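S.K.: Below is a structure I'd like to ask you about.
The values are calculated or read from the model by the stated rules, or taken from the named source; none is laboratory data. What you are looking at is a predicted structure, and each value in this text was computed from that prediction instead of being measured. Cβ coordinates were reconstructed from backbone atoms using ideal geometry, including for glycine residues, and neighbour counts include every protein chain displayed. Note: accessible area is taken over every heavy atom of the protein model, side chains too, but ligands, DNA and RNA are not part of it. Shrake-Rupley method; radii C 1.70, N 1.55, O 1.52, S 1.80 Å.
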Amino acid sequence: MFKKNHLAPLLALLPVLLLSGCDSNMVVFEPKGPVAREILGLINWSLVFMLLIVVVVFGLFGYIVWKYRARPDNKDYEPPEEHGSTKLEIIWTAIPILIVIALTIPTVNTIYKLEKVPEGYENKKPITINVTSADWKWIFSYPEQGIETVNYVNIPVGTPVKFKLTSAGTMQSFWVPALGGQKYTMNKMETQLYLVADHPGEYLGKNTNFNGKGYADMEFTVESKSQQAFDKWVKDVKKTAPKLTEKKYIDLLKPTHLGRLTFSNNHLAWVNHGDMNSKTYTFPELYRNHDYPGQIFKQPDNQKNKAGKTDDKSMDMNMKMDGHSNGGEHNGH
Amino acid sequence: MGIKWDRFFITGDPLILGSQIAILLTMIGIVVLVSYLKKWKWLWTEWLTTVDHKRIGIMYILVGVLMFFRGGIDGLLMKAQTATPDGQLLDAQHYNEVFTTHGVVMILFMAMPFLIGIMNVIVPLQIGARDVAFPQLNALSFWLTFSGAMLFNISFVIGGSPDAGWTAYFPLAGKEFSPGIGNNFYAVAIQIAGIGTLMTGINFIVTILKMRAKGMTLMKMPMFSWTSFVTSIIIAASFPILTVALALMTFDRIFGTHFFTLSGGGMDMMWVNLFWLWGHPEVYIVVLPAFGMFSEVISTFSRKTLFGYKSMVGSIVGIAILSMLVWVHHFFTMGAGPGVNSIFSITTMMIAIPTGVKMFNWLFTMRKGRIQFTTAMLWALAFVPCFLIGGITGVMLAMGAADYQYHNTLFLVAHFHYVLIPGVVFAVFAGLYYWWPKMFGHMLNEKLGKLHFWLFVIGFNMTFMPMFFLGLNGAVRRAYTYSAESGFGPLMLVSAIGAGILAIGFAFFCYNIYWSARYADRNISSDPWDARTLEWATASPVQFYNFAKIPEVTSLDAFWYMKKKNKGLKFSNDELEEIHMPSNSGLPFIMSIVFGISGFLLVFEWKIAALVAALGILICLAIRSFDYNDGYHVPVDEIKEIEYGWQNKEKGVEKHVN
Ligand code: HEM
Ligand SMILES: [Cu+2]
């Protein structure tokens with residue numbers, strides 16, 4: 001009968017574990033820059049209230065369940081008729097309201113702060129990096145330095161970095177947990193994210209928004225270097241890295257897994273996917289799976305079609321075929 | 001027609017081949033068994049054509065159990081795959097299909113049928129009605145849900161499973177990135193089931209508004225009926241959004257329009273908005289009836305009326321309104337701007353207020369009570385701490401700026417399982433243990449029930465608690481694998497073992513159903529728990545017309561006070577009148593088969609064939625509108641006989657409750 005009462009303390013342990021996270025080595029609790037630190041401050045603030053709520057409710061729960069459990073000796077006890085208590089109900093409406101207010105103010109504050117250059121770095125000139133996500137790789141273009149990297153990004157330490165995020169295809173999410181929160185990348189749309197690394201080091205970045213077969217491997221590294229080392233790296237790249245051509249770039253956008261790549265120019269010269277009217281690059285035939293093939297439609301503004309590639313003809317045929325067409329022509333890619 | 005027969009069945013994967021064989025054998029087994037027992041006619045007249053809300057409810061529950069199996073196996077497969085770093089059980093494609101079907105099946109084909117099933121059985125009884133307002137529509141609702149569920153479930157053996165997540169975000173879910181037909185199953189099967197659900201919502205709104213027993217004002221209605229009522233309103237308000245969104249998806253995928261695509265000026269964000277405009281209310285659709293069940297169970301087993309009934313009603317209405325105003329919290333990270341994110345952070349956190357009120361009301365219902373630890377009550381008790389963890393992590397996620405670090409990680413996965421499993425699955429178990437005698441005339445075994453309870457609750461916490469920490473350490477959701485260097489290994493293993501324990505718990509539940517059906521005592525009271533609401537005022541299992549004479553209600557907890565004051569329980573024979581009941585009909589069943597066939601053809605993009613099949617739907621509608629059968633009357637003598645059968649038995653109450 002008192003089995004139940006082992007449960008309460010057992011469960012009460014769990015949030016304690018949750019809180020002990022603060023001094024463990026979880027990446028969110030070990031910020032390496034002011035943005036992540038700002039968010040962590042908010043998280044810790046909320047944890048205090050959560051702990052409070054858990055202690056109060058678990059305590060009350062354990063107490064009530066224990067005290068009012070049915071026992072053989074209270075068999076004849078008939079519980080009172082009790083319909084409520086306005087006073088109590090007002091109390092437990094008011095307290096949550098106060099807690100929500102206490103959480104709201106710093107939340108809104110932080111939300112606004114995160115849109116700007118982090119405090120203390122306002123005087124430092126930010127560097128801009130355009131991030132383009134594609135299936136299944138990350139492309140980083142440095143408009144000021146005129147270079148491009150794939151699956152890794154070097155940044156100068158202590159300098160605010162303005163990441164301009166977009167996607168060449170599917171929706172993805174750009175996240176470097178050690179440095180700050182995440183934001184989506186979307187085609188024909190540009191989002192912005194400020195991050196600063198205040199120590200030199202290597203940080204893991206990932207995509208958190210599922211985008212198909214290669215999703216789990218969509219990781220990249222952020223390396224923060226001293227300004228000198230960064231400048232030297234840029235210079236080296238300019239000198240030694242190969243040039244990216246438009247044709248090669250289109251190949252880059254196809255669904256592949258790549259290692260690190262470096263180029264001495266960048267693709268912004270011919271397309272910025274963040275632009276509302278930018279060209280579309282899609283390769284439906286390359287996404288065939290073991291499921292039954294469906295019809296693929298002609299895409300009026302697809303860059304590849306405009307370039308007069310071989311698929312054009314079969315796609316037209318597709319459109320002309322009767323309602324039972326299933327786009328089988330594209331099999332076997 | 002250019003059908004590619006060689007691509008029709010999914011081949012090349014031993015797991016899928018095994019399932020194909022298992023499905024075939026099961027189907028043959030069922031046909032052989034039914035034929036051997038000569039039960040075809042019985043199946044048709046008693047079940048397939050029934051319009052009785054109790055039988056429809058039981059069939060819903062059966063679908064829920066089956067789909068819990070399916071979704072649970074998906075869950076276990078995922079846990080097995082990620083138990084160790086670089087697991088080899090599933091490849092990326094297979095994992096993607098598995099979490100997609102897991103999510104859809106659990107929410108739409110497990111949680112919804114379970115809850116709607118229990119609503120079907122209990123709500124008319126609780127409000128003292130003889131059936132729902134539109135019995136035949138109710139049957140159609142069920143059969144459409146069934147048809148949608150079957151269509152969705154065959155996808156992994158025929159045609160290929162959807163693989164773009166249960167959220168099916170565009171552009172990924174569009175033809176540009178998913179050119180196979182897998183995701184057509186998503187668009188079409190959910191559409192069919194969704195139509196059924198929408199009709200259920202309307203049906204229950206009318207039933208509850210128009211068919212309450214004499215004297216039962218809205219504020220004297222049992223809490224489960226209240227939550228079912230509010231749920232039905234949310235269904236009617238939000239499911240049309242899903243219907244439209246899925247229709248646009250179908251156009252994009254099958255007819256080449258550009259609502260959500262990359263090219264042609266589509267707006268992928270529009271899908272995300274429409275999806276969550278339905279999706280967030282949907283989580284309250286599944287959690288509110290659960291709240292109602294807990295209210296009934298807690299009140300019964302504390303032997304006290306619900307504390308703060310009025311504020312309970314106020315808070316569910318508040319939750320329902322707020323549930324429509326928070327959808328953006330699912331994509332704070334989309335960069336909509338700080339103003340938008342702030343507003344939706346606030347509306348989301350505000351939901352914590354009515355939810356907190358409910359929590360305290362439940363606790364204070366138990367205070368000064370006499371708490372009996374029946375299995376049903378144990379589920380309700382475990383719900384309180386577990387759901388609290390789900391709730392507080394929900395508030396953490398609601399804080400927009402903090403969400404930038406939690407979003408799409410396993411922290412989020414842990415949170416919503418901490419809400420959905422205590423909030424839906426615990427509730428369903430509580431409801432089933434509680435109402436089982438009402439449905440079947442025997443109880444579920446309490447000993448097996450407690451084993452089921454402990455294994456399931458411990459397994460559940462072990463599975464999902466580690467995911468909070470994994471998420472904070474940067475583990476993203478929907479990733480089929482991770483490297484050893486990530487350091488996720490140990491907690492992932494704990495979590496996988498927990499899932500195993502949870503599964504054993506569920507196995508005990510299934511065994512309990514079997515055991516109790518065979519061996520449980522049939523000689524039980526019609527009111528074995530000494531309960532408080534009207535469903536216990538009639539026989540168990542309930543006679544087909546529910547109440548020989550509709551009881552009159554003067555207060556909340558009507559049955560409790562009828563027992564206490566010994567008033568209104570008995571009636572003399574000359575008070576009885578003929579009862580008007582609706583006739584059975586095969587039309588809902590046939591119509592949903594036509595729906596299923598048409599849907600199947602549409603999934604394979606055989607458009608003309610699908611259109612031809614869809615004509616069948618119109619024909620069924622036409623037949624229905626010329627159907628002048630308005631039911632039959634149960635003669636008084638028959639009622640007398642049935643009533644005599646259950647009312648005058650001596651049945652032990654006490655020995656079944658410990
Ligand atoms: C039976 C025990 C269960 C287990 C072991 C389980 C396990 C999992 C796992 C491992 C994931 C995917 C994590 C990832 O890789 O992202 C998942 C996702 C999910 N689960 Fe469960 N789950 C269970 C029960 C439930 C229930 C009862 C519901 C709903 C009522 C549910 C709803 C979902 C949803 C909606 C998703 C997201 C699917 C998606 O990402 O598209 N699960 N579950
Ligand atoms: Cu939501």
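S.K.: Measuring from the lowest to the highest alpha carbon on each principal axis, how far does the range A:128-319 reach, largest first, in angstroms?
M.R.: Result for the range A:128-319: principal-axis Cα extents of 57, 32, 28 Å.
S.K.: A follow-up question, please. Pairs A:K239/B:K175; A:K162/A:K247; B:K54/B:K549; A:K206/A:K243: which exceed 30 Å Cα-Cα?
M.R.: A:K239/B:K175
S.K.: Using a Förster distance of 22 Å, how high is the FRET efficiency between A:K125 and A:K239, based on the Cβ-Cβ distance and rounded to 0.05? Don't skip to the answer; put the middle values down first.
M.R.: Numbers: r = 25 Å, r/R0 = 1.12.
Efficiency for this residue pair is about 0.35.
S.K.: So, in Å, what gap is there between the alpha-carbon centers of the range B:232-307 and the range A:182-248?
M.R.: Using only Cα atoms to place each centre, the spacing works out to 37 Å.
S.K.: Could I ask something else about it? Go through A:S141, A:F174, A:N211 and say which Cα lies farthest out towards the positive end of the charge dipole of the range A:128-319; charges sit on Cβ, +1 for Lys and Arg, -1 for Asp and Glu.
M.R.: A:S141
S.K.: Right, next: Filter A:K125/A:K188; A:K116/A:K137; A:K188/A:K279; A:K164/A:K235; A:K116/A:K183; B:K210/B:K563 down to the pairs with a C-alpha to C-alpha distance above 18 Å, please. Display every interim value, and only then the final one.
M.R.: Numbers: A:K125/A:K188 27 Å; A:K116/A:K137 27 Å; A:K188/A:K279 9 Å; A:K164/A:K235 23 Å; A:K116/A:K183 14 Å; B:K210/B:K563 26 Å.
In this structure, A:K125/A:K188; A:K116/A:K137; A:K164/A:K235; B:K210/B:K563 lie more than 18 Å apart at Cα.
S.K.: Heavy-atom accessible area per residue, the range B:477-544, 1.4 Å probe: how many Å²? All intermediate terms of the calculation are to be shown ahead of the outcome.
M.R.: Numbers: 2670 Å² over 68 residues.
For the range B:477-544, the solvent-accessible area averages 39 Å² per residue.
S.K.: If each DSSP helix of 4+ residues adds -39,500 (n - 2.57) and the sum is divided by the residues in the protein assembly as shown, what number results at 222 nm, nearest 500 deg cm²/dmol? List each step's numbers first, then the result.
M.R.: On the way: 29 runs with 524 residues, N = 991.
Value at 222 nm, helices only, nearest 500: -18000 deg cm²/dmol.
S.K.: Which residues' amide hydrogens lie under 5 Å from the amide hydrogen of B:I579, considering only partners 5 or more residues apart or on another chain, with H built in the peptide plane?
M.R.: B:V634
S.K.: May I pose another question? Charges at C-beta only: +1 for Lys and Arg, -1 for Asp and Glu. How large is the resulting dipole of the range A:128-319 about its Cα centre, in Debye rounded to 20? It would help to have the intermediate numbers written out before the result.
M.R.: Details: 24 positive and 20 negative charges, 73 e Å.
Result for the range A:128-319 is approximately 360 debye, rounded to the nearest 20.
S.K.: Give me the accessible area buried between chains A and B, both sides summed, with a 1.4 Å probe, in Å² rounded to the nearest 100. Intermediate values should be presented prior to the final figure.
M.R.: Numbers: alone 19770 and 27250 Å², together 36490 Å².
Heavy-atom accessible area buried at this interface is about 10500 Å².
S.K.: Between A:A94 and B:K447, what is the label-to-label distance in nm when each label sits 7 Å out along the Cα-to-Cβ direction?
M.R.: Placing both labels 7 Å along Cα→Cβ, they lie 5.3 nm apart.
S.K.: Dividing the alpha-carbon Rg of the protein assembly as shown by 2.2 N^0.38 Å yields what? Intermediate values should be presented prior to the final figure.
M.R.: On the way: Rg = 29.7 Å, N = 991, 2.2 N^0.38 = 30.3 Å.
Here the Cα radius of gyration is 0.98 times the empirical estimate.
S.K.: From the backbone phi of the range A:49-55, what are the Karplus-calculated ³J(HN,Hα) couplings (6.51 cos²θ - 1.76 cosθ + 1.60, θ = phi - 60°) in whole Hz, Gly and Pro given as x?
M.R.: Per-residue couplings from phi come out as 5, 4, 4, 4, 4, 4, 4 Hz.
S.K.: Straight-line reach from A:K254: which aspartates and glutamates fall under 18 Å, measuring Cα to Cα and dropping same-chain residues less than 8 apart?
M.R.: Excluding near neighbours in sequence, the set is A:D135, A:E148, A:D217, A:E219, A:E246, A:E285, A:D301, A:D311, A:D312, B:E176.
S.K.: Here's a follow-up. Give me the 1.4 Å probe accessible area per residue for the range A:128-319, excluding ligands and nucleic acids, in Å².
M.R.: Numbers: 6650 Å² over 192 residues.
Computed with neighbouring chains in place, this is 35 Å² per residue.
S.K.: I want the antiparallel fraction of DSSP beta bridges within the protein assembly as shown, as a percent rounded to 5. Don't jump to the answer; show the numbers that get you there.
M.R.: Values: 34 of 48 bridges.
Counting DSSP beta bridges with both partners in the protein assembly as shown, the antiparallel share is about 70 percent.
S.K.: Also, I was wondering about something else. Could you go through the range B:30-42 in sequence order and give the Karplus-derived ³J(HN,Hα) for each residue, using 6.51 cos²θ - 1.76 cosθ + 1.60 with θ = phi - 60°, rounded to whole Hz, and x for Gly and Pro?
M.R.: With the stated coefficients, the range B:30-42 comes to 5, 4, 4, 4, 5, 5, 4, 7, 6, 10, 4, 5, 4 Hz.
S.K.: Quick one: of the DSSP bridges fully inside the range A:128-319, what percent are antiparallel, nearest 5? Please report the intermediate quantities before stating the final value.
M.R.: On the way: 28 of 40 bridges.
Given both bridge residues lie in the range A:128-319, the antiparallel proportion sits at roughly 70 percent.
S.K.: Expressed as a whole percentage, what fraction of the accessible surface of the range A:128-319 belongs to carbon and sulfur atoms when a 1.4 Å probe is rolled over the protein heavy atoms? Working shown, then result.
M.R.: Numbers: 3570 of 6650 Å².
Carbon plus sulfur share of accessible area: 54 percent.
S.K.: Determine the relative contact order of the range A:128-319: mean sequence separation of Cα pairs under 8 Å and six or more apart, normalised by residue count, in whole percent.
M.R.: Values: 405 pairs, mean separation 44.8, N = 192.
That works out to 23 percent.
S.K.: On to the next question. Provide the per-residue ³J(HN,Hα) series for the range A:221-229, in order, calculated from phi with Karplus coefficients 6.51, -1.76, 1.60 and θ = phi - 60°, each as a whole number of Hz, with x at glycine and proline positions.
M.R.: 10, 10, 10, 9, 10, 5, 3, 4, 4
S.K.: Below 21 Å, Cα to Cα, which lysines can B:K450 reach? Residues fewer than 8 away in the same chain don't count.
M.R.: Partners found: A:K3, A:K4, B:K438, B:K655.
S.K.: Within straight cross-link reach of B:K39, meaning Cα distance under 20 Å, which lysines are found once same-chain residues fewer than 8 apart are removed?
M.R.: Candidates past the 8-residue exclusion: nothing left.
S.K.: Within the range B:360-432, which chymotrypsin sites (Phe, Trp or Tyr not before Pro) sit in a loop by DSSP and count at most 11 neighbouring Cβ atoms inside 10 Å?
M.R.: Working: sites: B:F360, B:W362, B:F364, B:F373, B:W379, B:F383, B:F387, B:Y404, B:Y406, B:F411, B:F416, B:Y418, B:F426, B:F429; in loops: B:F373.
Passing both the DSSP loop test and the Cβ count: no residue.
S.K.: A further question on this structure: Evaluate the charge dipole of the protein assembly as shown about its Cα centre and quote only its size in Debye, nearest 20, assuming +1 on the Cβ of each Lys and Arg and -1 on the Cβ of each Asp and Glu.
M.R.: Numbers: 81 positive and 71 negative charges, 209 e Å.
Dipole size: approximately 1000 debye.
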